[in-house]
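S.K.: Would you mind keeping the following structure in view while I ask a few things?
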Amino acid sequence: MRLRYGLLSLAALGMAFPTGSARSQLNGFQLEPSAVPVDQILAGGPPRDGIPALTDPDVVAASKASWKDDEVVLGVEAGGEARAYPLSILVWHEIVNDTLGGKPLLVSYCPLCGTGMVFERPIHRKGARAQPMTFGVSGLLYRSDLLLYDRETESLWSQISSEAVTGPSMGRRLRLLRSRMMSWGDWRRLHPSSEILSRNTGYDQPYGRSPYGDYAQSKRLSFPVKYDRSYHPKMPTIGLRVPGTAARAYPAAELVAAGGEVRERFAGHSVRIRFDPDQEVFDVEAPSEVEIVEAYWFAWMAFHPETTVFKAAER
C-alpha cells in the first residue's frame, strides 16, 4: 500500500507556502508563456503528483457496494452507463482518469473550491498515434482552484475555466460533461445499475476523514482570491455559462428564498434550477449548450466576475 502524502493537510489548513515573485518555473512546470497572470499561479504545498491521481481504478456494482447511503458522491452517466465517485476518495486524489461507456473521462474535484467537474479526456496525437490524455495533480493553484496537468505535453489546465493555460496545449478547452453531486443513496435509486469506486485504490488513505477540517463551513480561504463578498464565501452556488457569451450565478440562499425552484431564460435558453435545502442538492435542467458548474460562491465569482446573479427579490 502506498502511503498518504502528509503535506496535503498543511495546505488544507491554510498554512502559507512561500511563492516569491512571478517565476518562469514552479513545481517543475514551465509557466511562460501563460494565458493567465503568472504571479497568480501559486504553489499549494504538495509537489507535482504529491496528491496522487487515480487511473482506471477498481469499481464495484451498486448491489455489492458497502458505501453508506449518506455518502456524498459525484455521479456521471456516459454511453448508457453510470458511475459514482465518493467525495471521501476524491478529496485525497482530486483526479481520476477513467473510462465509462467507451468514453475517456477526467473526473476532477477541488476541495478548496467545492467543484466536482467531469470532462471528456482530450485526444493527444503524436505521429500516427492518437490516445486520450492522462492527467495528474500539479500541486499548483490558480485563484485557489486546482491546476491539472496532462502527462503528454505537461500543459497546465484550469479546472473551473476548463482550458489549458500554459504549455503546448494552451488555449485548448476541455469538454465539460453533465454530472451531479448527491448522496449515494439517491444516486443509486436513480441509477440502480450504477457502479461506484472501490476503497481499494492502492493507497493507504484515511478515506473516512477529510484533511480539510471545517474549511467548507468557515469563511476562511486558504489562498488570496478577489471575489464579491455579498454571500458567505462557501455558499453552495450553481453557475451557468455559455463560454464566451454569458454567465449567471444561483446562490443557494436565493433559491431557498424563491421557494426552492426557478424557471427562467438564460442566454436565450430555458433553464430550471432546483435546490433542496435539507439534502443540500441541486437539480438543473438546461440544454447542452449551457455548461453547469456547482461551486462555492467565491470560486464562481473569482472566475466569472462579470456574472449576473439571480436574486429572489428581483423576480
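All of the numbers you see were taken from the coordinates with simple rules; none came from a lab. Please read these numbers as outputs of a predicted model, since none were measured by experiment. Glycine gets a Cβ as well: all are built from the backbone with ideal geometry, and neighbour counts include every protein chain shown.
S.K.: Nearest 20 debye, what's the magnitude of the dipole of segment 170-285 about its Cα centre given +1 on Lys and Arg Cβ and -1 on Asp and Glu Cβ?
M.R.: Working: 20 positive and 13 negative charges, 114 e Å.
Using Cβ point charges on Lys, Arg, Asp and Glu, segment 170-285 gives about 540 debye.
S.K.: So for the chain, Kirkwood radius off the Cα pairs, Stokes-Einstein at 10 °C and 1.306 mPa s: how many µm² s⁻¹?
M.R.: 79 µm²/s
S.K.: For Asp39, put the label point 7 Å out on the Cα→Cβ axis and report which residues of segment 217-257 keep their amide N under 17 Å from it.
M.R.: Zone members listed by number: 224-226.
S.K.: I've got another one for you. Quick check on the chain: helices-only [θ] at 222 nm, where DSSP H runs of length 4 and up contribute -39,500 (n - 2.57) each and the sum goes over total residues. Nearest 500, please.
M.R.: -2500 deg cm²/dmol
S.K.: With +1 on each Lys and Arg Cβ and -1 on each Asp and Glu Cβ, and nothing else charged, work out how big the dipole of the chain is about its Cα centre, in Debye to the nearest 20.
M.R.: Computed charge dipole of the chain: roughly 380 debye.
S.K.: Report the label-to-label distance for Gln279 and Lys219 in nanometres (one decimal), using points 7 Å from each Cα along the Cα→Cβ vector.
M.R.: Calculated label separation equals 3.2 nm.
S.K.: What FRET efficiency comes out for the pair Ala130/Glu81, r = Cβ-Cβ distance, R0 = 25 Å, nearest 0.05?
M.R.: My answer for the efficiency is 0.60.
S.K.: Further, regarding this structure: What's the magnitude of the charge dipole for segment 2-182 around its Cα centre, counting Lys and Arg as +1 and Asp and Glu as -1 at the beta-carbon? Answer in Debye, nearest 20. Mind showing how you got there, number by number?
M.R.: Values: 19 positive and 18 negative charges, 66 e Å.
Result for segment 2-182 is approximately 320 debye, rounded to the nearest 20.
S.K.: Moving to a separate point now. Once label points are set 7 Å from the Cα along Cα→Cβ at both Asn200 and Ser270, what is their separation, rounded to one decimal in nm?
M.R.: 4.8 nm
S.K.: Work out, step by step, the length gained on full extension between Gln30 and Asp228: first 0.36 nm times the residue separation, then minus their alpha carbon distance; give nm to one decimal.
M.R.: Value of the extension gain: 68.1 nm.
S.K.: Something else: How big is the C-alpha Rg of segment 2-182 next to the rule-of-thumb value 2.2 N^0.38 Å, as a ratio?
M.R.: Working it through for segment 2-182, the quotient is 1.03.
S.K.: Cross-chain or 8 or more residues apart, Cα under 22 Å: how many lysine pairs in the chain fit that? Count them up, please.
M.R.: Total qualifying Lys-Lys pairs in the chain comes to 6.
S.K.: Shifting gears a bit: To the nearest Å, what is the center-to-center distance of segment 80-114 and segment 270-315, using C-alpha atoms only?
M.R.: 21 Å
S.K.: Run the quick spin-label model on Ser66 and Asp49: label points 7 Å from Cα toward the beta carbon, then report their separation in nm to one decimal.
M.R.: Placing both labels 7 Å beyond Cα along the Cβ direction yields 3.0 nm.
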